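Encoded as structure tokens, the structure appears first; notes follow it.
Just so it is clear, none of the values below were taken in a lab; they were calculated from the coordinates. None of these values were measured; they are calculated from a predicted model. Using ideal geometry, Cβ is built from the backbone for each residue, glycine included, and neighbour counts are taken over all protein chains shown.
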Amino acid sequence: MKKVYATASEALDGLLRDDMLIAAGGFGLCGIPELLLEAIKESGVKDLTFASNNAGVDDFGIGILLQTRQVRKMISSYVGENAEFMRQYLSGELELEFNPQGTLAERMRAGGCGIPGFYTKTGVGTVIAEGKEVKTWGGEDYILEEGIFADLSIVKAWKADDTGNLVFRKTARNFNPPAAMCGRVCVAEVEEIVPRGSLDPDNIHLPGIYVHRIVQGAHEKRIEQRTTRKREDA
């Protein structure tokens, strides 16, 4: 089965349509599938729902799809530094389903494991719990959260082999593994494709069974908030 594609557009060929649910890895601008997001923008598909921790910034990450009005709904836990995300939400142009970060990660992981729902204490007694089933165990209330089963997952990894085994780079792992797991089809963009068998099995973060297509490319890897210390006086 061929998994390696030459470009992001080729890797997404035949997978995109309007009204899709797409799970996207990344946290802020760290570990985001920037090449695949640009290819989705260029495809022109619209009315998309994204399950992602946040939406990048105004002109990078999912933010570029907000600018072109291709996103109808966000399932997120953080508006972040994206002023357009905030503006569209407050004006009623964009639907937003807020999730606590841990709940969002677990909803993705649950979907990837075939688990339709789970109970959690997170959000009990808040607006997060409104309209959700509540059960009590040991005198404590828990709310039912549903697993996320995405039509497509897009993720960013550091290294891959041609079978789709992925290794993520430090904190760029973040939401990428659970996002990859919950998609019916997963496309991964990577910095390097290495020979089969060269990855230490103990260092593989996501098995290739979850990954259907791979594309290698050059990444900008923009830093959202650059913080440096002042040089000491000579």
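Laid out as a table, the results:
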read-out	value
Packing-based ranking, highest mean first, of 137-148, 177-188 given that Cβ atoms within 10 Å are counted	177-188, 137-148
Cα centroid separation - the range 80-97 against the range 1-59, whole Å	19
Computed lengthening from Lys170 to Val185, 0.36 nm per intervening residue step minus Cα-Cα distance	3.0 nm
Amide proton proximity set for Ile214, modelled H, under 5 Å, gap of 5+	Val4, Tyr5, Ala188
Net charge of neighbours whose Cβ lies under 12 Å from the Cβ of Glu81, counting Lys and Arg as +1 and Asp and Glu as -1	-3
Which labelled figure in (i) 12.4; (ii) 16.8; (iii) 11.6 is mean projected area of the Cα convex hull in nm², once derived from the coordinates	(ii)
The chain: relative contact order in percent, alpha carbon pairs under 8 Å with at least 6 residues between	23
Dipole of the chain [Lys/Arg +1, Asp/Glu -1 at C-beta], most positive-end residue of Ala157, Ile22, Ala180	Ala157
Sparsely packed trypsin sites (Lys or Arg not before Pro) within the range 54-100, loop by DSSP, other Cβ within 10 Å at most 13	Arg69
Furthest towards positive pole of dipole, Gly80, Cys113, Ile62, structure part the range 32-160, Cβ charges	Cys113
Assigned charges on the beta-carbon of Lys, Arg, Asp, Glu; the chain dipole about Cα centre (debye)	360
Length added when fully stretched, Thr228-Lys121, from 0.36 nm per residue minus Cα-Cα	34.7 nm
In Hz, Karplus ³J(HN,Hα) per residue of the range 149-165 (6.51, -1.76, 1.60; θ = phi - 60°; x = Gly, Pro)	10, 7, 5, 8, 10, 10, 9, 10, 10, 7, 10, 8, 9, 6, 8, x, 4
Label-point separation, Glu192 to Gln101 (7 Å along Cα→Cβ), nm	2.8
Hits among lysines - C-alpha to C-alpha of Lys221 under 21 Å, sequence gap 8 or more where chains match	Lys41, Lys156, Lys159, Lys170
Hull-based mean projected area of the range 1-136, where the convex hull spans the alpha carbons, in square nanometres	9.6
Net charge contributed by nearby residues that have their C-beta within less than 13 Å of Val194 (K/R +1, D/E -1)	-3
